[in-house]
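The values are calculated or read from the model by the stated rules, or taken from the named source; none is laboratory data. Worth saying up front: this structure is predicted, and the values here are computed from it rather than measured. Heads up, the Cβs are rebuilt from the backbone with ideal geometry, glycines too, and the neighbour counts pull from every protein chain shown. Please note that ligands, DNA and RNA were not included when accessible areas were found on the heavy atoms of the full protein model with its side chains. Shrake-Rupley method; radii C 1.70, N 1.55, O 1.52, S 1.80 Å.
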Amino acid sequence: MTTHSLVVKAYRPWRYRITIAILLLLAITAVIYAYQRGLTDGGYFQTEARAEREAMQSQLEQAAQLETRLRDRLAVLERAQEVNQAARENLRQDLLSLQDEIQGLEEELAFYRGIVSPEDGQSGLQIQEFSISPGREDGEYRFTLMLIQAMTHDRRVEGEIRLAVEGRQDDESLSLDVSELGDHDNLAFSFRYFQGFDGRLRLPEGFEPEQVSVTVSPRGRNRSQIEESFEWPELER
């Protein structure tokens, strides 16, 4: 025969309810804590992000200001370079002009030295220079002539100059007086130191010049006539 033991337990429903309430309260507390922590952490990160954004904005503004200063500095340097280049160009032009002036003075000095003390040691009336250059129109030419009286300048020398262009036309030799080719007569001179002449001449069509004959005829006793020939230069128009 089986014997059953009977266990008698006290029934306390209030303890169960209290336990459930405590667990529920703990859960609610945990949720509230997590929510508050989330808000706190979120506010912290938001503040940090705002600070980083403000710092980046400040850096951008500083970079923009630096770029503006650099652009202004670059513009100043470029302007300074332009000024320096202009100054160098002006200096170069001044040097060239000074060199031309010095060359002109040297030529002028050589010219006067030739009057006072010529290299060949010869005194008296001389043809110092003669040249031919193109004129403004086709077939037109300009000539320049310089006479000097070397070493002896105690009295004036006077006389006339005759110019003749020698060449060929229609395979025949031909000599043309400059007075017939230009708007002037034979040239007269009167000077103690030097005298220059210039004029225009126009060659007839088909005439091929070869040389220019210059005859200087001074007046007075013991005055020798001077005759020199100059080759016609190769001129480019």
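Counting only protein heavy atoms and a 1.4 Å probe, segment 56-108 has 92 square angstrom of accessible area per residue. Summarising the amide proton neighbourhood of Tyr193: residues at separation of 5 or more, or on other chains, whose placed amide H is nearer than 5 Å comprise an empty set.
Solvent-accessible area assigned to carbon and sulfur over segment 65-171 amounts to 47 percent, based on a 1.4 Å probe.
In nm, what is the difference between 0.36 nm times the number of residues separating Thr152 and Arg168 and their Cα-Cα distance? Don't jump to the answer; show the numbers that get you there.
Details: separation 16, 0.36 × 16 = 5.76 nm, distance 4.01 nm.
Full extension from Thr152 to Arg168 adds 1.7 nm.
3J(HN,Hα) couplings calculated from phi for segment 206-216 with the Karplus curve 6.51 cos²θ - 1.76 cosθ + 1.60 (θ = phi - 60°) are, in sequence order, x, 7, 10, x, 10, 7, 10, 9, 10, 10, 10 Hz; Gly and Pro show x. Residues in segment 141-151 carry Karplus couplings, in order, of 9, 10, 10, 10, 9, 10, 10, 9, 10, 7, 6 Hz; the curve used is 6.51 cos²θ - 1.76 cosθ + 1.60 with θ = phi - 60°, and Gly or Pro positions show x.
Each Lys and Arg adds +1 at its Cβ and each Asp and Glu adds -1 at its Cβ; summed about the Cα centre, segment 47-181 shows a dipole of about 920 debye.
Annotation: amide H-H contacts under 5 Å for Gly159 (H modelled 1.01 Å from N, sequence separation of 5 or more, or interchain): Phe189, Arg219. Averaged over its residues, segment 121-228 has an accessible area of 60 Å² per residue, based on protein heavy atoms and a 1.4 Å probe. Summarising the label geometry, the points placed 7 Å from Cα in the beta-carbon direction at Phe191 and Arg223 lie 1.5 nm from one another. Using θ = phi - 60° in the Karplus curve 6.51 cos²θ - 1.76 cosθ + 1.60, the 3J(HN,Hα) couplings for segment 105-115 round to 5, 5, 5, 5, 5, 4, 5, 5, 5, x, 6 Hz; x is entered for Gly and Pro. Under 5 Å from the amide H of Gly135 lie the amide H atoms of Glu140, Tyr141, Arg142, each residue being 5 or more positions distant or on a separate chain, with H modelled from the backbone and absent for Pro and chain starts. With the alpha-carbon atoms of segment 162-229 aligned to their principal axes, the span from lowest to highest coordinate is 43, 23, 15 Å, starting with the largest. Placing pseudo-labels 7 Å out from each Cα toward the beta carbon at Ser97 and Arg113 gives an inter-label distance of 2.7 nm.
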